[in-house]
Structure formats: structure tokens, C-alpha cells
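Note sheet for the following structure.
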Amino acid sequence: MIALIRLFLGLLATPFRSKSALEAENAALRQQIIVLRRKLRGRIRLSNGDRLFFVWLYRLFPSISRAMLIIRPDTLVRWQRAGFRCYWRWKSRVRIGRPRVDHELRALIRRMNAENPLWGAPRIHGELLKLGFEVAQSTVAKYMVKRRGPPSQTWRTFLRNHAPDIAAIDLFVVPTLSFGLLYGLVIIRLARRYFVWVNVTDKPTAEWIARQLTEAFPWQEASRYLIRDRDGAYGPRFLNRLRAMGIRDHPTAPRSPWQNAYAERLIGSIRRECLDRVVIIGESHLRRTLRRYAVYYNRARTHRALGKDCPIHRAVQSTGTILSSPILGGLHHVYTRTT
């Protein structure tokens, strides 16, 4: 900036100097520039201030193009045109047309479209109007997610719609203190992970399992479908009881426990949170332990799949003194508030 000021003052003093002195000074400056260019390698880099000065001087005195040695005249003209374009781009920065759509609104349109694959632009536009957004339907169609095929629901949605009518049943083995084997039977509803029934026996016959099914599902309350594995204990009497109750039997494929994932996960929770830490003495002891755990599982234990709620809805308590109640001899605790 100081160099520019000095040069500007020199230009103001030029009319008061003799012509021969000016020509001698210009020749000296030109020769010095030639000498400096011999030592430099590559292109000479100029700052924006330098470019602005040369463009301004060229507009005042176009004849200086003959004296320019470090830059070409075409480069000087290109700088001037580039500055002209930048000036008019800045001057016309306010565009005429539709107002820009906010990023939040565009994200909301895509979210509605992804969560509701059966909705089109008119339906999403109507929801946005109800939410207080003033936007055109054509704008909604513009920012919707483009799909190649027909809209389809996800598997998660499909399973959630059918889960209230599906139950799962499974058997598991528990060793006792005397090295005997007992068999536990669990029945669970898929909708809320509700632990419907649990019982214990040393000989799981088809007749015994059919009786447990009748006790677990009173009439008019049975699920429509029952998922089970291909254990030999599910004999003809069990299948006849299913047909009599109007329940459709759905056995899993051989060696495919993942197809009965809900019951397998329940048995895994029973083992990890209860049976792996308790020595079972006999049949009555196992039955009593499992029924206590079933109460804890349904009424107090939170589940990630249920949004940290319990199979039987557990209300939120915000006020009162916190009390701790032991479950299963202190293996777990239930926390409640009292006024």
C-alpha cells in the first residue's frame, strides 16, 4: 500500500518535470525490469492490488500498454473484463423468482417420503400445509426421493403389522443339583415381547404341551399363528389342539433357530440373567424361579425393542422418594418412587 501511495505521488509530480528527465527515468526503469526478468524463473506473481493498479492506470492512460514488460496487453484487458463481470455479478446478486427452500424443509420432505413410501406429492404437500409450511406441490415433488420401482413397505413395518397375531413357543433344558434334567416351556407374544406362559416338567410330552397351550391362551384370546421348532415333543395331540383352537402351525426349517428368534432370545435372557447364577434344586424350585422372573420380565425389565419400556407398560414416575425392591434374592432390583 505504501508503494502504491509513493507511485501515485510520483505521478502527480510528473507534469512539473522536464520531458527529457522523464524519458531518461523511464528508460532506466525499463532496463532494470529487463535485468530482473533475466534472474527470475517462471511466471511473475502479482497481488490483487497490483492488478487493480494496472487496470486503473490503463483506463486512465491506455498508451501505457506499450510500456508494459512484465505482463502482456491481452492479460491487462482480460483482468479488466474479469473485474467487469465480477462487478455486475455482485450488482445482480439478488435473483428474481421463487424464494429458496430452507434446508430443514427439504430434509423434512425427504423424511416424510422415506417414512411413508405409499405417499405421493399431494399427500406430503397436505401434511406440510397442516404443519404451517407455505410451499408449492411442485416444490414437494422436486425434493422427493426418486424411486425406480413401485413403493414397498419395509420388512420392519411388515413384521410389526403381523406381530400382534403371532406367538412363539420353545423348550429348553435346565440341569439340577442332582445332575438331573428338567425341561422348561416358554410362550411369548411377538408384539410386546410379552412373556405369556412358563412351566416346568421332567417329561415334555405332546399331551402336556397341549395342556400348557390351553392354559396360556384362553378361548378368544389365542394368537392366530404359532412359531415352533421341529422338536419331536410336538406330537399329533399338540397339533390337534392347535387346529381346535384355530391356531395355524408354523414350524421352522430344520436347524434354523434364527427363525424362532424371539423365543430363543427370551431363553437366552433367562439363562444369562437368572439360571446361570442359580443352582436349581428341583422341579418346584425351577418353576417358582421362572415364574418370579416372568413377573420381573413383564412388569419391570426394560427392553430396547420397546423404546426402553416393559411388555406391560410401566408408567414414568418423576416425583417421590426412590425405593429399591430386590428380585430373585437380590439378583435384580426394581426401582420405584413413593410419595
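FYI, it's all coordinate maths here, none of it is from the lab. Since the structure is predicted, the reported quantities are computational estimates derived from the model, not experimental observations. Glycine gets a Cβ as well: all are built from the backbone with ideal geometry, and neighbour counts include every protein chain shown.
Return the loop-located trypsin sites (Lys or Arg not before Pro) in the range 180-287 (DSSP other than H, G, I, E, B) with at most 14 other Cβ atoms within 10 Å of their own Cβ; answer none if there are none.
Sites meeting the loop and neighbour criteria: 224, 230, 255.
Just to be sure I understand the model, the point goes 7 Å from the Cα along the line to the Cβ. What's the resulting residue 292 to residue 331 distance in nm?
For residue 292 paired with residue 331, the spin-label model returns 0.8 nm.
Run the numbers for residue 220 and residue 116: contour at 0.36 nm per residue of separation, minus the present Cα-Cα distance, in nm.
Full-extension gain reported as 34.1 nm.
Calculate the dipole size of the range 228-315 relative to its Cα centre from +1 charges on Lys and Arg beta carbons and -1 charges on Asp and Glu beta carbons; express the result in debye to the nearest 20.
Once rounded to the nearest 20, the dipole reads 220 debye.
Quick one: net charge of residue 103's neighbours, Cβ under 15 Å, K/R +1, D/E -1? Can you show the working numbers first?
Values: positive: 100, 106, 110, 111, 142; negative: 102, 104.
Within the 15 Å Cβ shell, the charges total +3.
Using DSSP to define loop residues, name the trypsin sites (Lys or Arg not before Pro) in the range 106-174 whose beta-carbon has at most 14 other beta-carbon atoms within 10 Å. Write out the running numbers ahead of the final one.
Working: sites: 106, 110, 111, 123, 130, 142, 146, 147, 148, 156, 160; in loops: 146, 147, 148.
Sparse-neighbourhood loop trypsin sites (Lys or Arg not before Pro): 146, 147, 148.
Residue 153 to residue 81: FRET efficiency via 1/(1 + (r/R0)^6), r the Cβ-Cβ distance, R0 56 Å, to the nearest 0.05?
Details: r = 58 Å, r/R0 = 1.04.
Given R0 = 56 Å and the Cβ-Cβ separation, E is 0.45.
Calculate, in nm to one decimal, what residue 211 and residue 308 gain on full extension: separation in residues at 0.36 nm each, minus their alpha carbon distance. Walk me through the numbers on the way to the answer.
Values: separation 97, 0.36 × 97 = 34.92 nm, distance 3.36 nm.
In short, 31.6 nm is gained.
When DSSP beta bridges are limited to those with both residues in the range 178-296, what percentage is antiparallel, rounded to the nearest 5? Intermediate values should be presented prior to the final figure.
Values: 7 of 11 bridges.
In the range 178-296, DSSP labels about 65 percent of beta bridges as antiparallel.
If amide H atoms are built 1.01 Å from N in the plane of the peptide, which residues on other chains or at least 5 residues away come under 5 Å of the amide H of residue 231?
When sequence neighbours closer than 5 places are left aside, there are no close amide H contacts.
Can you work out the FRET efficiency for the pair residue 123 and residue 89, with r the C-beta to C-beta distance and R0 = 35 Å, to the nearest 0.05? Mind showing how you got there, number by number?
Working: r = 41 Å, r/R0 = 1.16.
Efficiency at R0 = 35 Å is approximately 0.30.
Can you compute the charge dipole magnitude of the range 271-339 about its Cα centre, using +1 on each Lys and Arg Cβ and -1 on each Asp and Glu Cβ, nothing else charged? Give it in debye, rounded to the nearest 20.
On the way: 13 positive and 4 negative charges, 18 e Å.
For the range 271-339, the charge dipole is close to 80 debye.
If you take every residue apart from residue 222 with its C-beta less than 13 Å away from the C-beta of residue 222, what net charge results, scoring Lys and Arg +1 and Asp and Glu -1? Numbers along the way, then the final one.
Values: positive: 189, 224, 241, 243, 248; negative: 165, 215, 221, 249.
After counting each charged neighbour, the total is +1.
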